[in-house]
Amino acid sequence: MELSGGEIIVQCLKDEGVEHVFGYPGGAVLHIYDAFFKQKELKHILVRHEQAAGHAADGYARATGKPGVVLVTSGPGATNVVTGVATAFMDSIPMVVLTGQVPTPVIGSDAFQEVDTVGITRPCVKHNFLVKRLEDLADTIKKAFYIATTGRPGPVVIDIPKDITDPGIKIPYHYPNKVKMRSYNPVVKGHLGQIKKAVKILMEAERPVFYTGGGVVLDDAAKPLTDLVDTLGFPITQTLMGLGAYPGSGKNFLGMLGMHGTYEANMAMHETDVLIAVGARFDDRVTGHVKQFCPDATIIHVDIDPSSISKNVRVDVPIVGPVKQVLKDMLKVVNEGDKKPKQQALKKWWKQIDKWRAMDCMKYDKKSELIKPQQAVEMLHKVTKGDAYVTSDVGQHQMFAAQFYRFDKPRRWINSGGLGTMGFGLPAAIGVQMAHPKAEVAVVTGESSIQMCIQELATCLQYDLPIKIILLNNGYMGMVRQWQEFFYDSRYSQSGMSVTPDFVKLTESYGHIGMRVEKSEDLEGAMKEAFSHKDRLVFLDVVVDPSENVYPMIAAGKGHHEMYLSPGSELV
Amino acid sequence: MRHIISILMENESGALARVANLFTARGYNIESLTVAPTEDLSLSRMTLVTSGSDEIIEQITKQLNKLVDVVKLVDLTEGGHLEREMMMIKLRAERTQREEIKRLVDIFRGKIIDVTDTSYTVELTGAASKLNAFIEAVNEELIIEVVRTGPSGIGRGPKGLSL
């Protein structure tokens, strides 16, 4: 079979099992788009801005575990997608991003829509390629998928000059089944000796705690994690990226940890004697001040990426390997061994934890006439029976969603944790809904974030995506305002966002249903009505109490035991 | 502490940029860096001199290993190794100074490779510290130009860093 470069790309994607491509055409990718036109199996989703193509493919990948695929043109197409690529990179999301490039003979001549895509994306990709010969195209695509999906996953960019896809030049097509790279060999198995050593330490622990992250979700290791935690009877806290791996309603779950984590989770971290970190990377929002992090703990760390180990916090027992396999092996060692966890000590530990739990750190005013953002998220949980895919943007609403929508399943909570990209939620939901057409998909967002990719309402109409947008509208960039209130004597510099479009009319003009709710007594009815429109996008503008802040809060640079629990309080 | 890291990497365009990028992006020190092809044309050998605490050096080697183009690397400072750097130094050499410079070059086992009425160009090879010592030994006012390659290193003993 002889194919042109454009046809090779389409065929490779099919052979790789790709079903959806998120993209936007332009000059440098016209040949590829022509090849798309001549086939039916691969579905192309036309976004309204390339940034959204990146986030949609990212959301697709997070919801399914399969790599998201993006196709954009050179120059501005490529620069617009960079935010999407960087977002995926920070959260280790597998993506393959195809960018058009000017023809090889004019590369470097400042040609129209030329930009050094490989150079611009280098710091925010797992790897990238510039295809210089047609003969290398299929191999490069295979390598890109291999690199993106194995080891610690991440985005891979392939920059393809226009002459490589010339429909007039055809070569025999062959898509390699396998790829072997001498310079890239991710670890496939954790060291059994280290695993045994870790189990021995766990059995001696008196105040143990599991601290797990996005790596558990990425490696589909929720089941072995849950089994291990329940077998040992240890408490567990999860990072923002890890929510849902161990069920949020599970009895051993302490809630999220870190800057806006629960009192019990953070206190358990501070007092623990054995910390087992799994697929987490000791991010600064989690650790707080590193010098005060888990001061008494022996630390076990399981991660696929050796460079994550002892990067921010010194680790005592490192285990490099795929999280799922390591957890399974660990469970096996636990079950086959004759030692049991220290029951007496654990009982005492749980008693202490229950005392912390009794502080009820997540309480808020439930009788308020103004709708509380926490209440809106709890209502969303109730109306969707806790089973929706929830995407979010970045800020207070993101934290409220993470805290109050108790995720019981992995891959349900989809947010930009590492990069913190406002504008992520709506396009990510497009990817999620594409992957799961029948599922309930909700975007929890703010009036500031949603405006960063609002144009995607048109994409939702074009593909009949019945996404539900829950806008927690407080008229501020809430998290910015919260920091200004706490640390800048309430000087709200440029954080007001009272000038917004009428979101109801705006949504209607895009062909969807717009609704607005202002009183807490009307919230339940409005939310139910929104979700009763099974095949329509509904944008619910929820006017919330503008003064509400996210608690608990550890100020940047403080230790886990130093939390604000409510306005005006400080706890040490 | 000063470390010499020797890296075997794919001879691909952009590989050097990836290493350089890593150092700037993560704020690591880079004192010198040399790259050249090896006997296997698909591989380049890079020698990189950096400094930092043990934790930072550990991160540097891990991050370098993570780059897809890096095939293998070794921190030469961890074991016995040889280090060589080449320098070409152009010195003002007029009547009275010529004999003294010549003697100094001999002491350092260097070679004079270019001569004019008023100058010598000296080639000198050795560990970086030896080259520094030579520069300190000559009168500063005599130095016209210094060109150094940056150190290359190789481990001692019969074993080599190869595939």
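How would you rank A:300-309, B:81-90, A:434-443, highest first, on the average number of other Cβ atoms within 10 Å across their residues? Before the final figure, lay out each step's value.
Numbers: A:300-309: 24.0, B:81-90: 17.4, A:434-443: 19.9.
Output ranking for A:300-309, B:81-90, A:434-443: A:300-309, A:434-443, B:81-90.
Just need the Rg to Rh number for segment A:192-357, please, alpha carbons only, Kirkwood Rh. Dividing the radius of gyration by the Kirkwood radius yields 0.92. Distant-in-sequence amide contacts of A:HIS301, defined by a placed amide H-H separation under 5 Å and a gap of 5 or more residues or a different chain, comprise A:ALA277, A:VAL317, A:ILE319.
For chain A, what does the helix formula give at 222 nm: sum of -39500 (n - 2.57) over DSSP H segments with n ≥ 4, over the residue count, nearest 500 deg cm²/dmol?
Working: 20 runs with 205 residues, N = 572.
Counting only the DSSP helices, I get -10500 deg cm²/dmol.
Between A:LEU370 and A:ASP522, the contour length at 0.36 nm per residue exceeds the alpha carbon distance by 53.7 nm.
Sequentially through segment B:2-13, phi angles give Karplus couplings (6.51, -1.76, 1.60; θ = phi - 60°) of 7, 10, 10, 10, 10, 10, 9, 9, 4, 7, 10, 5 Hz, Gly and Pro residues having no value and appearing as x.
When every alpha-carbon pair in segment A:412-494 is counted, what percent end up more than 19 Å apart? Summing the P(r) of segment A:412-494 above 19 Å gives 44 percent of all pairs.
How big is Rg to Rh over segment A:1-82, alpha-carbon atoms, Rh as the Kirkwood inverse-mean-distance radius? Present the calculation step by step, with values, prior to reporting the outcome.
Numbers: Rg = 12.4 Å, Rh = 12.9 Å.
That ratio equals 0.96.
Counting Cβ atoms of other protein chains within 10 Å of each Cβ in B:57-63 and taking the mean gives 3.
Which whole number gives the average count of other chain Cβ atoms within 10 Å of the Cβ atoms across peptide A:406-413? Could you put the intermediate results ahead of the total?
Working: counts 0, 0, 0, 0, 0, 0, 0, 0.
Mean number of neighbouring Cβ atoms from other chains: 0.
If you take the alpha carbon atoms of segment B:82-152 and fit the smallest convex hull around them, that volume is 74 Å³ per residue.
Taken one residue at a time, the phi angles of segment A:155-163 give Karplus couplings (6.51, -1.76, 1.60, θ = phi - 60°) of x, 10, 9, 10, 9, 10, x, 4, 5 Hz. Gly and Pro are set to x.
Rg of the Cα atoms in chain A, relative to 2.2 N^0.38 Å, amounts to 0.99. Put a dot 7 Å past the Cα of B:LEU16, heading toward its Cβ, do the same for A:PHE487, and the two dots end up 4.1 nm apart.
Taking a point 7 Å out from the Cα of B:ILE107 in the direction of its Cβ, the residues of segment B:131-157 whose backbone N falls within less than 20 Å of it are B:131-144.
What the Kirkwood sum gives for segment A:2-172 is a hydrodynamic radius of 15.3 Å, with every pair of different alpha carbons counted. The H on the amide N of A:LEU3, modeled in the peptide plane, is under 5 Å from the matching H of A:ILE171, A:TYR173, each at least 5 residues off or on a different chain. Remark: C-alpha extents of chain B on the principal axes read 57, 33, 32 Å, sorted largest to smallest. Legend: calculated FRET efficiency, B:GLU55 to A:LYS340, from the Cβ-Cβ distance at R0 = 45 Å, rounded to 0.05, equals 0.80.
When Rg and Dmax are taken over the Cα atoms of segment B:2-79, they come to 11.6, 35 Å. Neighbouring Cβ atoms from other chains, within 10 Å of the Cβ of residues in A:120-127, number 3 on average.
Determine the alpha carbon to alpha carbon distance for each of A:LYS196/A:LYS324; A:LYS328/A:LYS385; A:LYS351/A:LYS558 and list only those over 19 Å. Present the calculation step by step, with values, prior to reporting the outcome.
Details: A:LYS196/A:LYS324 16 Å; A:LYS328/A:LYS385 30 Å; A:LYS351/A:LYS558 26 Å.
Violating the 19 Å limit, Cα to Cα: A:LYS328/A:LYS385; A:LYS351/A:LYS558.
Short to long, the 10 Å bins of the Cα pair-distance histogram for segment A:318-474 hold 10, 28, 26, 20, 12, 3, 0 percent of all pairs.
Karplus-based coupling profile of segment A:214-222, in residue order and whole Hz: x, x, 5, 5, 4, 9, 6, 9, 4, with θ = phi - 60° in 6.51 cos²θ - 1.76 cosθ + 1.60 and x standing for Gly or Pro.
In units of the compact-protein estimate 2.2 N^0.38 Å, segment A:373-543 shows a Cα radius of gyration of 0.97.
Taking 60 Å as R0, compute the FRET efficiency from the Cβ-Cβ separation of B:GLU78 and A:ASP464 and round it to 0.05. List each step's numbers first, then the result.
Numbers: r = 61 Å, r/R0 = 1.02.
So the FRET efficiency works out to roughly 0.50.
With a Förster radius of 60 Å applied to the C-beta separation of A:LEU42 and A:THR500, the computed FRET efficiency comes to 0.95.
Take the residue pairs A:LYS126/A:LYS372; A:LYS66/A:LYS200; A:LYS14/A:LYS438; A:LYS355/A:LYS409; A:LYS251/A:LYS372; A:LYS372/A:LYS528 and return only those whose Cα atoms are more than 29 Å apart. Walk me through the intermediate numbers first.
Numbers: A:LYS126/A:LYS372 41 Å; A:LYS66/A:LYS200 36 Å; A:LYS14/A:LYS438 24 Å; A:LYS355/A:LYS409 27 Å; A:LYS251/A:LYS372 27 Å; A:LYS372/A:LYS528 17 Å.
Exceeds cut-off: A:LYS126/A:LYS372; A:LYS66/A:LYS200.
Among A:283-294, A:323-334, sorting by the average number of other beta carbon atoms lying within 10 angstrom of each residue, highest first, gives A:323-334, A:283-294.
Since every read-out is calculated from the coordinates, none of them should be taken as a lab result. Computed from a predicted model, the values in this text were never measured in an experiment. Neighbour counts run over all protein chains shown; Cβ positions are idealised from the backbone, glycine included.
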